[in-house]
1. Go through segment 63-84 and give me each residue that's in contact with a Ser or Thr (Cβ under 8 Å, 6 or more places away or on another chain) and not in a strand (DSSP E or B).
2. Out of the residues in segment 4-28 that are assigned to a loop (DSSP other than H, G, I, E, B) and open to solvent by less than 50 Å² (accessible area, probe 1.4 Å), which is nearest to Asn85 (Cα to Cα)?
3. Within segment 135-144, is there a residue that is open to solvent by 30 Å² or more (accessible area, probe 1.4 Å), of a type in the set (A, V, I, L, M, F, W, C) and at pLDDT below 90?
4. I need the full set of residues from segment 10-19 which are among the aromatic types (Phe, Trp, Tyr) and modelled with pLDDT of 95 or more, in order please.
5. Only one of these is under 30 Å from Asp222 (Cα atoms), among the small types (Gly, Ala, Ser) and part of a loop (DSSP other than H, G, I, E, B): Gly99, Gly139. Name it.
6. Within segment 184-201, count every residue that is in a strand (DSSP E or B) and open to solvent by 50 Å² or more (accessible area, probe 1.4 Å).
7. Taking the residues in segment 149-164 that are open to solvent by less than 70 Å² (accessible area, probe 1.4 Å) and out of contact with any Phe, Trp or Tyr (no Cβ under 9 Å at 6 or more places or on another chain) as candidates, determine which candidate is modelled with the highest pLDDT.
8. Given the options Thr31, Thr80, name the one that is hydroxyl-bearing (Ser, Thr, Tyr), touching a Lys or Arg at 6+ places or on another chain (Cβ under 7 Å) and either touching a residue at least 12 places away in the same chain (Cβ under 8 Å) or open to solvent by less than 60 Å² (accessible area, probe 1.4 Å) (or both).
Amino acid sequence: QAASKTTGRLGGVYLFDSGWAPYVSYATSFTPTIGRDVEGELLKPSTGRQFEAGLRYQPDNAGTVYTASVFKLERENVTTAAPQNPSATVQTGAVESQGLELEARTNITRNLSVVAQYTWLDTEITRSNRSDRGLWQPGAVRHSASVWTRQDFRLLDNLQAYGALGLRYYGKSRSYQDYGNENIVNPDYGMVDAAFGIERGPWRISVNVNNLFDKQVLLDCDATFCYRNAERTANVSASYRF
C-alpha cells in the first residue's frame, strides 16, 4: 500500500515599527491510513486543513519574543464503522480541533536562553457512525506545556558548544472502552529531554535525546491491553554550512 498527496502552506505576516507582528496562515496535510474499507478497497489517506492567526511582540532592544495564536484544524476521511456492517470500516468520519497557544522566548544572558510554551486544546468528533459523535477525541490532551533551556559556551577559540535541557508536561486525557461512556482517564505525566552540540567552523555535530530517563506511561488501558509512550530516543546529526 502506498499513498501520496500534494499539500501546501500559505501565510502572511506584517511587522509594525512598534514590534507587533500579526500573522495568519493556512495549511493542508494528509496521513496515510492502513487497511481496507467495507468494499475491500484500500483506505485513502485522511486529510487535514489548519487555519491559524496570531500575534507576535518583540520589545525594542530586548532579546524576548512573545507569541499568542489561535488555531482550528479539520480532519476528514477518518475511519468509522460501516452502517450496514459495524465490524467493517468506511471513511466518512471527521474530527475538529481548536485551541490556543502561548509562547515566550527570552535571552536571560548572552549565552543562556529559555523557551516556554503552553497549549489549550478542544476536540470533537463531528461525524461518526458510532455513538461517539459529539464526544472528545480519545487520547487528546487538553492542557500541555513545555520549557526548554539552552546554555552556549566556548571550549576553545574556534570550538563552541551548547547544552540544553527541557521538560514536557501532558495533562490528563480520556478515552472510551464503550463509546458514550467516559470510563478511561489517562494520567498526567512529564518527560525530560536533553541536547548537546559542538560547532567548529562550518561543522556542527549534535545529539538530541527525547525522554531522557526512559519514563514509561501506560495509556488507554482496558482489561487486557494498554498503549505506552515512546521509549528514550537519541538522534545524532552532523551538518555543514556553506
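1. Gly63
2. Checking each candidate, the answer is Gly8.
3. Yes, because at least one residue in segment 135-144 is open to solvent by 30 Å² or more (accessible area, probe 1.4 Å), of a type in the set (A, V, I, L, M, F, W, C) and at pLDDT below 90.
4. Across segment 10-19, the qualifying residue is only Tyr14.
5. Gly139
6. 4
7. Only one residue fits best here, namely Thr149.
8. Exactly one residue qualifies, and that residue is Thr80.
The values are calculated or read from the model by the stated rules, or taken from the named source; none is laboratory data. Keep in mind it's a predicted model, so treat the numbers as computed, not measured. As a convention, Cβ positions derive from the backbone with ideal geometry for all residues, glycine included, and neighbour counts pool all protein chains shown. For accessibility, only protein heavy atoms count, side chains too; no ligands or nucleic acids. Shrake-Rupley method; radii C 1.70, N 1.55, O 1.52, S 1.80 Å.
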